[in-house]
């Protein structure tokens with residue numbers, strides 16, 4: 001039986017052009033992509049949604065823009081996965097008009113939500129039962145027992161803390177539920193960061209306050225990030241190592257990228273998804289598609 005790798009791609013809006021390009025090219029040039037490649041979802045948010053967590057995403061999307069974006073992915077059979085992981089959401093925020101509008105528009109049985117706040121999760125399960133619910137890595141679960149308990153709950157998937165990517169004891173314990181465990185393979189943040197939960201909370205507060213300054217005081221903050229930086233981190237899982245994970249039943253893999261430069265995301269896509277001898281060809285086709293999209297957008301704006 002053929003193995004499958006379901007890839008969960010970043011940036012519903014932030015990397016929309018790149019994501020739609022890679023989806024279309026996979027459909028057109030399947031021989032250029034690894035045989036095990038499938039798109040499991042595209043994760044992220046629409047700008048300005050206060051339920052969003054993990055990264056601050058400010059701005060606004062109109063109802064029409066949101067509907068067009070949802071259709072662009074769903075019509076290609078790609079689920080959207082909303083990052084509703086803001087840990088500060090309480091009773092006073094669960095009735096937010098904008099976030100509930102997004103949920104209603106995407107409530108078609110295909111789409112998914114990542115959750116962290118118990119208050120928000122309870123509300124969403126009751127009001128939008130048609131979604132698949134996923135336990136977020138922002139919970140920072142670091143022990144095997146809690147992970148096993150999390151997998152006993154009614155979650156479609158549980159996202160593993162990246163610090164556990166190479167923990168043999170944890171991986172062995174999770175094998176019976178491996179197909180429901182998602183692994184972030186190329187996290188750029190430093191391992192075992194003691195400020196990670198504080199950073200998530202800081203991003204959550206900024207999302208609620210519609211403010212991004214001042215930046216979080218991270219001791220490992222970098223002015224410029226690259227895919228090469230990801231490859232140097234201890235949590236990194238190489239393309240060659242993936243076979244061993246799939247042999248054990250793991251098949252859901254997440255790529256980092258929300259809030260990161262498009263160049264980094266592109267390099268991760270080429271590395272993980274595209275056969276080595278086809279990468280420059282696919283790179284060129286992506287560049288061409290992005291230019292065509294930009295030209296169409298400019299043409300619409302002039303009308």
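Things to note:
- Within region 241-258, residues that are at positive phi and buried (at least 20 other Cβ atoms within 10 Å of the Cβ) have Cβ atoms under 6 Å from residues that are at pLDDT 95 or above and part of a loop (DSSP other than H, G, I, E, B) in these pairs: 257/11, counting only partners at least 6 apart in sequence or on another chain.
- The set of residues in region 131-146 that are closer than 30 Å to residue 194 by Cβ, in a loop (DSSP other than H, G, I, E, B) and either in contact with a helix residue (DSSP H, G or I) (Cβ under 9 Å, 6 or more places away or on another chain) or at pLDDT below 95 (or both) comprises 140, 141, 142, 143.
- Residues that are touching a strand residue (DSSP E or B) at 6+ places or on another chain (Cβ under 7 Å), without any contact (Cβ under 8 Å) to a residue 40 or more places away in the chain and surrounded by fewer than 22 Cβ atoms within 10 Å (Cβ to Cβ) number at least 1 in the following strands (runs of 3 or more DSSP E) confined to region 1-85: 37-44.
- Qualifying residue in region 224-238 (condition: without any contact (Cβ under 8 Å) to a residue 12 or more places away in the chain, on the phi < 0 side of the Ramachandran plot and over 21 Å from the mean Cα position of the chain (by Cα)): no
- Condition check for residue 88: under 17 Å from residue 136 (Cβ atoms), surrounded by fewer than 21 Cβ atoms within 10 Å (Cβ to Cβ), more than 17 Å from the chain's Cα centre (by Cα) and touching a residue at least 12 places away in the same chain (Cβ under 8 Å): yes
- In region 192-208, the qualifying residues are those that are part of a loop (DSSP other than H, G, I, E, B) and exposed (fewer than 14 other Cβ atoms within 10 Å of the Cβ), and the one that is nearest to the chain's Cα centre (by Cα) is 192.
- Residue check, residue 265 under 18 Å from residue 12 (Cβ atoms), touching a residue at least 40 places away in the same chain (Cβ under 8 Å) and assigned to a loop (DSSP other than H, G, I, E, B): no
- Qualifying residue in region 209-222 (condition: closer than 19 Å to residue 39 by Cα and in a helix (DSSP H, G or I)): no
- If you go through region 224-250 and keep only what is in a loop (DSSP other than H, G, I, E, B), touching a helix residue (DSSP H, G or I) at 6+ places or on another chain (Cβ under 9 Å) and under 16 Å from residue 164 (Cα atoms), you end up with 233, 234, 235, 236, 237, 238, 248, 250.
- Check on residue 162, in contact with a strand residue (DSSP E or B) (Cβ under 8 Å, 6 or more places away or on another chain) and either touching a residue at least 60 places away in the same chain (Cβ under 8 Å) or exposed (fewer than 12 other Cβ atoms within 10 Å of the Cβ) (or both): yes
- Against the list (1) in contact (Cβ under 8 Å) with a residue 60 or more places away in the chain; (2) surrounded by fewer than 21 Cβ atoms within 10 Å (Cβ to Cβ); (3) in contact with a helix residue (DSSP H, G or I) (Cβ under 6 Å, 6 or more places away or on another chain); (4) outside any loop (DSSP other than H, G, I, E, B), the condition residue 270 fails is (1).
- One residue alone among 121, 149 is modelled with pLDDT of 95 or more and touching a strand residue (DSSP E or B) at 6+ places or on another chain (Cβ under 6 Å), and that residue is 121.
- If the condition is being outside any helix (DSSP H, G or I) and surrounded by 16 or more Cβ atoms within 10 Å (Cβ to Cβ), then region 97-130 contributes 106, 110, 111, 112, 113, 114, 115, 116, 117, 128.
- Verdict on residue 168 being surrounded by fewer than 19 Cβ atoms within 10 Å (Cβ to Cβ), without any contact (Cβ under 8 Å) to a residue 24 or more places away in the chain, on the phi < 0 side of the Ramachandran plot and in contact with a strand residue (DSSP E or B) (Cβ under 6 Å, 6 or more places away or on another chain): no
The values are calculated or read from the model by the stated rules, or taken from the named source; none is laboratory data. On a predicted model such as this, the values are computed, not experimentally measured, just so you know. As a convention, Cβ positions derive from the backbone with ideal geometry for all residues, glycine included, and neighbour counts pool all protein chains shown.
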